[in-house]
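Here the structure is laid out as structure tokens; the discussion comes afterwards.
The values are calculated or read from the model by the stated rules, or taken from the named source; none is laboratory data. Keep in mind the model is a prediction, meaning the values are calculated, not measured. Backbone-built Cβ (ideal geometry, glycine too); neighbour counts: all protein chains shown. Note: accessible area is taken over every heavy atom of the protein model, side chains too, but ligands, DNA and RNA are not part of it. Shrake-Rupley method; radii C 1.70, N 1.55, O 1.52, S 1.80 Å.
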Amino acid sequence: MTFEELNLKPELLEAIGYMGYSRLTEIQEKTYQPILEGRDVLGLASTGSGKTLAFCLPLSQRLLETNINHGVLILSPTRELSIQTANQLHGLLYFTPLHAETIYGGNDAGAFDREKRALEAKVQFIVATPGRLLAHMRNAYADMSYLRYLVLDEADKMLDMGFYDDIKQIIERLPADRQNLLFSATMSPRIRKLAVEILRNPVEVSIAVAKPATGIQQQVVLVQDEGKGRYLAHFLKKLKPEEQAIVFCSKKKLLQSLVNRLNNKGIRAAYISSELEQADREAVLTAFKSKQYKALVATDVLARGIDIADLAAVVNYDVPPSPDDYVHRIGRTARHNKTGVAITLLSPLEMAKFALIEKKLGIKVPKVTAGTEFGETFEWNPNFGKKQKKRPLKKTSISPESPLKAKKKPPKRGSSAPKQAD
Ligand code: ADP
Ligand code: MG
């Protein structure tokens, strides 16, 4: 379906034209009408499928058709995603009288005032992280009664980050007469529960949920921890000059040293994590988007929602914490019908965890063994590294020599697969 067929306000259609979009994505097509009609919607679709516009477009049209003194509250898990969503809104709303503002904190003194003014001015789109919004809501100026639309974007991530109570508190202050939308790329039992609590008789649109996007060429590379840095540099050097990669690494303390290693090998890289100052996080992301770096090393802070045009590759430097994290991390590439590569570097002890991710997602990712130049080689064994079930032990049986305390040994050099976890 094309955007012309939607009967959009000309101001919105013109903006869509400037964005260069011609056809709606599947999630956009299926949720447009129900949202426009005022229904609550649960929208589930894979990463990069255009969920942002799927809620921004019908809500903008609806505000223009009904009452532009009403507003939309978009709750978003991270500051970066809030900024990105607001940027997309700024483009979409350019020719309309509607405005969008972010509320996500930051250390500069002006931020709180700017956010306060946005609430006082009853700006039509407020894109907020829950904690910071609550800080404003404790003040008298925060009159939430004009916010008749609520969007929970990347709801699963917000729950992961412990925002459940914050979200509930915020919702209590919103008018009861409102429309609720919940969008996510993954559907966990917790999201289901949140959806049941918040959405009223929702229309559920679910497209290939919790599956990696189809344009992603996935690959596992088996490599010992000691060889990962070198393999990463080798992989990045093989990319075309204009191609970029995000490297995910769960361990914050490794980020700087990884960047140093890459820099030493002549690869321009920077890192981003929640510990950086907000201004630095934004500066790094902007520099990466303008192609000043080949690689951006990041914690899972970047895994959700962040959209970097034409990102060629994602590297999982370590096994992602969960199946959903895997889907979201690799979903930073191959966005909107594009293709991309996602490689996961696995050391022996990470194999069992990855095997579980494959099982839960119902996928099988091709595996290759890194060459001997990257250190000891080993083969794929889905049971290696498996956690042993803890059996209750009698107190007397615990001794320093207890087999449960024995260290896991890495597999032997050579190609024979390790047989057992220990
Ligand atoms: P999601 O939230 O589902 O992960 P986004 O909303 O971030 O995905 O959109 C992914 C990318 O697709 C963005 O770069 C966005 O600009 C682009 N996009 C969205 N809708 C369309 C469309 N209808 N046509 C072309 N590109 C689109
Ligand atoms: Mg999104």
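If you check Asp156, Asp177, Asp143 for being open to solvent by 50 Å² or more (accessible area, probe 1.4 Å) and within 22 Å of Val203 (Cα to Cα), only one passes: Asp177. Quick one: would you say Ser347 is among the hydroxyl-bearing types (Ser, Thr, Tyr), out of contact with any strand residue (DSSP E or B) (no Cβ under 7 Å at 6 or more places or on another chain) and modelled with pLDDT under 55? No.
Scanning the range 29-54 for residues that are within 10 Å of ligand 1 (Cβ to nearest atom), surrounded by fewer than 22 Cβ atoms within 10 Å (Cβ to Cβ) and either over 21 Å from the mean Cα position of the chain (by Cα) or at pLDDT below 90 (or both) yields a single hit, Glu29.
Applying a threshold of 9 Å to beta carbon distances and a minimum spacing of six or more residues, or different chains, the list of pairs starting in the range 152-172 at a residue that is within 13 Å of ligand 1 (Cβ to nearest atom) and of a type in the set (Lys, Arg) and ending at one that is open to solvent by less than 10 Å² (accessible area, probe 1.4 Å) and outside any loop (DSSP other than H, G, I, E, B) reads Lys157/Leu81; Lys157/Ser184; Lys157/His328.
Every residue, every condition in (1) in a strand (DSSP E or B); (2) more than 16 Å from ligand 2 (Cβ to nearest atom), yes or no:
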residue	(1), (2)
Gly266	no, yes
Tyr271	yes, yes
Ser274	no, yes
Arg281	no, yes
Thr286	no, yes
Asp324	no, no
Val327	no, no
Arg332	no, no
His336	no, no
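Being open to solvent by 10 Å² or more (accessible area, probe 1.4 Å), touching a residue at least 12 places away in the same chain (Cβ under 8 Å), more than 16 Å from ligand 2 (Cβ to nearest atom) and charged (D, E, K, R) holds for only one residue in Glu11, Glu26, and it is Glu11.
Please find, within the range 148-189, the residue that is nearest to ligand 2 (Cβ to nearest atom) out of those that are among the acidic types (Asp, Glu) and in a loop (DSSP other than H, G, I, E, B). Write out each step before concluding.
As a first pass, look at the range 148-189 and keep what is among the acidic types (Asp, Glu): 153-154, 156, 160, 165-166, 172, 177.
Now restrict to residues that are in a loop (DSSP other than H, G, I, E, B): 154, 177.
Values: Glu154: 6, Asp177: 27 Å.
Among them, the one singled out is Glu154.
The residues on offer are Ala283, Ala270, Ala287, and the sole one that is small (Gly, Ala, Ser) and either in contact with an Asp or Glu (Cβ under 6 Å, 6 or more places away or on another chain) or touching a residue at least 24 places away in the same chain (Cβ under 8 Å) (or both) is Ala270.
The listed residues are Leu134, Leu98, and the only one of them that is in a loop (DSSP other than H, G, I, E, B), away from ligand 1 (no atom under 12 Å from the Cβ) and hydrophobic (A, V, I, L, M, F, W, C) turns out to be Leu98. Counting only residues that are in a helix (DSSP H, G or I), in contact (Cβ under 8 Å) with a residue 60 or more places away in the chain and open to solvent by less than 10 Å² (accessible area, probe 1.4 Å), the range 338-360 holds 3 of them. Of Leu42, Leu53, all but one fail to be within 15 Å of ligand 2 (Cβ to nearest atom), touching a residue at least 12 places away in the same chain (Cβ under 8 Å), of a type outside the set (Asp, Glu) and assigned to a strand (DSSP E or B); the exception is Leu42.
Only residues that are of a type in the set (Val, Ile, Thr) and either in the same structural domain as Asp310 (by TED's automatic domain parsing) or under 22 Å from Lys9 (Cα atoms) (or both) were counted in the range 42-61, giving 1.
Identify, from the list Leu64, Leu81, the residue that is within 11 Å of ligand 2 (Cβ to nearest atom) and either among the hydrophobic types (A, V, I, L, M, F, W, C) or not assigned by TED's automatic domain parsing to the domain that holds Ala128 (or both). Working first, answer last.
Details: Leu64 fails: within 11 Å of ligand 2 (Cβ to nearest atom).
That would be Leu81, the only listed residue that is within 11 Å of ligand 2 (Cβ to nearest atom) and either among the hydrophobic types (A, V, I, L, M, F, W, C) or not assigned by TED's automatic domain parsing to the domain that holds Ala128 (or both).
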